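The values are calculated or read from the model by the stated rules, or taken from the named source; none is laboratory data. The structure presented is a predicted model; accordingly, all values stated were derived computationally and were not measured. Backbone-built Cβ (ideal geometry, glycine too); neighbour counts: all protein chains shown.
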Amino acid sequence: MAFLIAEDISKKYGENHALDRFCLSIDPAEIFALVGPDGAGKTTLIRILCRLLDPDSGRVTIDGVDTSREYDRVKPLLGYMPQQFSLYPDLSVEENMTFYAGLYGLTGEPYRAKRDRLYEFSNLGPFSGRRAGALSGGMKQKLALSCALIHDPRLLILDEPTTGVDPLSRRQLWEILLQLKSEGVTVLVSTPYMDEVARCDRAAFIFRGRKLSEDTPTALAASFVGRIFYIDCEPTTSLVERANTIPDISAIRFGAGLHLYLRQDDSLDRHLGELAAIGIDRQQITPIDADLEDRFIQLMETKA
Amino acid sequence: MIVPAPAHTHAVETEQLSRLFGSFTAVDRVSLRVNYGEIFGFLGANGAGKTTAIRMLCGLLMPSSGSGRVAGFDVYRQSELIKRHIGYMSQKFSLYPDLTGRENLDFYGAAYGLGNTALRARIDELTERLELGQFIHQLAGKLPVGWRQRLALAAAILHRPRILFLDEPTGGVDPVFRRKFWGLLYELAESGVAIFVTTHYMDEAEYCGRLSIMHRGGIIEQGRPFELKKKHATASLEDLFVNLILSREAERA
Amino acid sequence: MHRIRFIAQKEFYHIMRDFRSLLIVIIMPVMMIFLYGYAINMDIENVTLAIVDLDHSLESRQLTERFYRSPYFSRPDAEPDLNDPDRLLRSGRAAAILYLPVGFGRALTRGEDFELGMTVDGSDANLAAAVQAYSNGVLFEFLMDRLPPDFDIPGVRISQQVLYNPDLKSSHFLVPGLVAIVLMLISALMTSITIAREKESGTMEQLLTTPVKPREVLIGKLLPYVVIAFFDGILVLLFARLVFGVPFVGSHLLLLFFGLIYVTTALSIGILVSSLVSTLREATMLAQLSTLLPSVMLSGFIFAIKNMPFVLQALSHLVAARYFVVIIRGIMLKEAGFSVLIPQAAALILLMLALMTIAATKFSTRVS
């Protein structure tokens, strides 16, 4: 049975549909990513799942418990890490951890054992006496994660944990999440970065409060309808314009080259002549796989 | 701009540029050349020295050693002139949330020394070109991210700088918007503006013409994204970045 | 239950580490005491009275001497200009001018009726009323002394005994009320600040996802402030005793009991304020507006409620300080016991329960 189920969650702010009949189903020990840009509704959905907000309609079930009725039973299962650093800057690392552990009833020897384990995995041990406000961004994150994990939650919800974080630290975070998954923890992560979703089990695209699609990352990218090619050339505006005049081809400048989009059933060979006419040689063309961003854009344009 | 730049070829040119803080080397003998019309991506972990390097190039920090010229001006002795010839945009910090778009632009225009008539004309021109429309009259803090970032760009190019520094310009913005925004950047580049982009977002880094990756104060790799991926045999820039850094760290150990 | 302990402990850390706020919490009451105790002195003495003696007789000189010998009147620093004597009043250098016309002495010796003239600066109404009363008093005494020793006046006098504040010192009147103000302000202000701060910084959001219950949060957060409020109250009382000599003749225990109810009311107001605001700045402003202003103006602390327009009198019934001022004055100065204070006690308890209920319902476990 799914560990977390959200059924038809809707939330409106005035005229704005922050969430529109959003459905989610996450299996136990699954890492699930909620992917979408700012304002798509990720934080609103997460707050509703944590009962920090009430939905206008819909139901949330965690571990079989309807959260609108008996949320108190669910709270000990849940570890939450909001987008902004929400621990106490004037308390030390250790004081913050002791505080949160205490709220979950974890004290004394069991607390110390857990704390030491977390210190080991986060490398925060040497800084235990430092005020949380004086930690670097990366360390603050580790502390927030430690406090979310101190009570051995079975469901971990992270709201944009990697915003503004460099790829290496992001990779390390994902490694921690994989480790947790192997210990049976269910993880929900929201992120605007499409490039880090590769490591999750399944992902859902969210845009303007609606789910655009949901599947494994590979399947999502592969579900792109069309063919994409990279052109290694001087990407001038005039070249892009001329490429776009070729029927059945759409082109955009991409970094130091061009991306060419063809229909699924089309073949590159059909257009080689036209491409040569505008100065693009066969050797400059490389087929590439669609990535998540390509698919997201495609879905945005069709479902909007 | 009353003071014209002296004759020069590269928009940004540094040779062994370094900055020390006490015994800590924040930037370690960085040499790079960025041309006008180029979009240059500046990558690196937090603490690798990116911010320090950018500060030196923006005329906000004096280097400890080495040489640098931005827009032809010397980074040691002509930092004030540098400031007038560059534009800086940071999505998070550029705008006052409780002022409208228009009021923000008026403020920055005045800060850059644009006269009233020139400013109004320029704002109208940018409003049209960046399709800001009615968002000009809304409070900047209430704008959706995509429009806020366009507004921030407008504020950064009011005074027609030939060099732009952008700090994570499209983080969190939806992909369609991102492509449109980069379309604007490409146009700017084609008109001869040199654009520096710092970002953690590898998808954004892909859009750059050339990249450099900083690690512990020094540049460990430079080049065009496509070529770098081929050279290091990685499918994504993220893998490239991570592998590079990890191998460097392993070497040190 | 131990969750409350953790929350209270954390609150103590916050308080101890916010040095500036702590300083304000201790220094402010002390400053207020000195301000209200010394600077606001409503005792009317040394009123500047100019006397224009046109008579130049022995009697007029004796009367003049009488006036200036009394503690109520003193000489002005300049003589009035006889062409424009009111100038002295307009410039504020005298509060009143007494005219002793020609013929005063002669009328007195002959036992004839005579009228003296006085112009009084009425812009300070209280002062003017006092001047009128005092000057009649001085004159009366002067006349009495001139009567022959064997003159027989019926021996009817009002023998006045002033209880509770025999010297009529205004500090005795003000300082107990000051305790009410300080307790209200500190409790409501500090409480609203600590909750608003957590809301604003986002830490409340994290807290609400834990098993902690709203009432545990409230009790845990408020406990340290109860302690601080009492500490401040005792500080004020100590200063009152040592510096101003305000007596404390009633039961300390009774005051403690009522103080607890009063502080709880103030804390509830603080919680209510914090649920209405979203930033720290708004919290401080609203807290001060809803506590300091009504408490100072409508509690009877300085201004008599009975003299106010009906609307304000009605409103004052909602001000907790109104009841506590009566209670603390009663206990400190009049040795009032519980039975005497029952109406105030009942009103205060009612107010406390009402505010607590409203505050508890408004304290949200949702991030809006």
Being over 21 Å from residue B:24 (Cα atoms) and either hydrophobic (A, V, I, L, M, F, W, C) or touching a residue at least 24 places away in the same chain (Cβ under 8 Å) (or both) is the filter here, so list the residues in region B:226-249 that pass it. B:226, B:228, B:233, B:235, B:236, B:237, B:238, B:240, B:241, B:242, B:244, B:246
Among residues of region A:209-242 being away from every other protein chain (no Cβ under 14 Å) and in contact with a Ser or Thr (Cβ under 8 Å, 6 or more places away or on another chain), the residue surrounded by the most Cβ atoms within 10 Å (Cβ to Cβ) is A:215
Just to be sure I understand the filter: pairs with C-beta atoms under 8 Å, separated by 6 or more residues or on different chains, first member in region A:163-181 and at positive phi, second member at pLDDT below 85 and in a loop (DSSP other than H, G, I, E, B). Which pairs pass? A:164/B:168; A:164/B:171; A:164/B:200
Counting only residues that are more than 8 Å from every other protein chain (Cβ to nearest Cβ), closer than 19 Å to residue B:199 by Cβ and among the hydrophobic types (A, V, I, L, M, F, W, C), how many does region B:238-253 have? 2
Restricting the search to region A:108-135, which residues are surrounded by 13 or more Cβ atoms within 10 Å (Cβ to Cβ) and part of a loop (DSSP other than H, G, I, E, B)? A:124, A:128, A:130, A:135
Tell me yes or no: at least one residue of region C:154-161 is at pLDDT below 70 and hydrophobic (A, V, I, L, M, F, W, C). yes
With the checklist (1) aliphatic (A, V, I, L, M); (2) out of contact with any Lys or Arg (no Cβ under 6 Å at 6 or more places or on another chain); (3) at the interface with another protein chain (Cβ under 8 Å from one of its Cβ atoms) in hand, flag the one item residue A:60 doesn't pass. (3)
Do you know which residues across region B:200-231 are part of a helix (DSSP H, G or I), more than 18 Å from the chain's Cα centre (by Cα) and more than 7 Å from chain A (Cβ to nearest Cβ)? B:227, B:228, B:229, B:230, B:231
State all residues of region C:198-227 that are in contact with a Lys or Arg (Cβ under 9 Å, 6 or more places away or on another chain) and within 7 Å of chain A (Cβ to nearest Cβ); if no residue qualifies, say none. C:203, C:205, C:208, C:209, C:210, C:211, C:212
Yes or no: region B:232-253 includes at least one residue that is modelled with pLDDT of 90 or more, under 30 Å from residue A:159 (Cα atoms) and not in a helix (DSSP H, G or I). no
Of the numbered conditions (1) over 14 Å from residue A:230 (Cα atoms); (2) in contact (Cβ under 8 Å) with a residue 24 or more places away in the chain, residue A:286 fails exactly one; give the number of that condition. (1)
So residue A:68 passes all but one of these: (1) more than 18 Å from residue A:209 (Cβ to Cβ); (2) in contact with an Asp or Glu (Cβ under 7 Å, 6 or more places away or on another chain); (3) of a type in the set (Gly, Ala, Ser). Which condition number does it fail? (2)
Within region C:13-31, which residues are within 11 Å of chain A (Cβ to nearest Cβ) and surrounded by fewer than 16 Cβ atoms within 10 Å (Cβ to Cβ)? C:16, C:17, C:19
If we scan region B:36-59, do we find a residue that is among the polar types (S, T, N, Q) and more than 17 Å from the chain's Cα centre (by Cα)? no
Just name the residue that is nearest to the other protein chains (Cβ to nearest Cβ) out of those in region B:190-199 that are of a type outside the set (D, E, K, R) and surrounded by fewer than 21 Cβ atoms within 10 Å (Cβ to Cβ). B:191
If you go through region A:99-126 one residue at a time, how many are within 8 Å of another protein chain (Cβ to nearest Cβ) and not small (Gly, Ala, Ser)? 5
So, of the residues in region A:136-168 that are buried (at least 17 other Cβ atoms within 10 Å of the Cβ) and among the charged types (D, E, K, R), which turns out to be nearest to the other protein chains (Cβ to nearest Cβ)? A:166
Which of (1) crowded, with 21+ Cβ neighbours inside 10 Å; (2) touching a residue at least 40 places away in the same chain (Cβ under 8 Å); (3) more than 10 Å from every other protein chain (Cβ to nearest Cβ) is the odd one out, the single condition residue B:159 does not satisfy? (1)
Given the residues C:45, C:65, C:59, C:79, which is the only one that is surrounded by 16 or more Cβ atoms within 10 Å (Cβ to Cβ) and either out of contact with any Lys or Arg (no Cβ under 8 Å at 6 or more places or on another chain) or farther than 20 Å from residue C:103 by Cα (or both)? C:59
Could you check region B:1-21 and list, in sequence order, the residues that are at pLDDT 90 or above and not aliphatic (A, V, I, L, M)? B:10, B:13, B:14, B:15, B:16, B:18, B:19, B:21
Looking at (1) outside any loop (DSSP other than H, G, I, E, B); (2) within 27 Å of residue B:83 (Cβ to Cβ), which is the only condition residue B:183 fails? (2)
So which pairs qualify, if the first residue must be in region C:234-262 and under 14 Å from residue C:36 (Cα atoms), the second must be exposed (fewer than 15 other Cβ atoms within 10 Å of the Cβ), the Cβ gap must be under 9 Å, and the two must be at least 6 apart or on different chains? C:239/C:34; C:243/C:34; C:243/C:38; C:244/C:38
Return only the number of the condition from (1) charged (D, E, K, R); (2) within 11 Å of another protein chain (Cβ to nearest Cβ); (3) out of contact with any strand residue (DSSP E or B) (no Cβ under 7 Å at 6 or more places or on another chain) that residue A:131 does not satisfy. (3)
From A:78, A:45, A:53, A:19, which residue is aliphatic (A, V, I, L, M) and under 15 Å from the mean Cα position of the chain (by Cα)? A:45
Exactly one condition in (1) hydrophobic (A, V, I, L, M, F, W, C); (2) buried (at least 21 other Cβ atoms within 10 Å of the Cβ); (3) more than 11 Å from chain A (Cβ to nearest Cβ) is not met by residue B:184; state its number. (2)
Go through the residues of region C:218-230 one by one and say whether even a single one is touching a Leu at 6+ places or on another chain (Cβ under 7 Å), of a type in the set (Ser, Thr, Tyr) and buried (at least 16 other Cβ atoms within 10 Å of the Cβ). yes
Looking at region C:108-133, which of its residues are in contact (Cβ under 8 Å) with a residue 24 or more places away in the chain and either outside any helix (DSSP H, G or I) or touching a helix residue (DSSP H, G or I) at 6+ places or on another chain (Cβ under 9 Å) (or both)? C:108, C:109, C:119, C:120, C:121, C:124
For region B:1-77, please list each of the strands (runs of 3 or more DSSP E) lying entirely inside it that holds at least 2 residues being surrounded by fewer than 18 Cβ atoms within 10 Å (Cβ to Cβ) and without any contact (Cβ under 8 Å) to a residue 24 or more places away in the chain. B:24-34
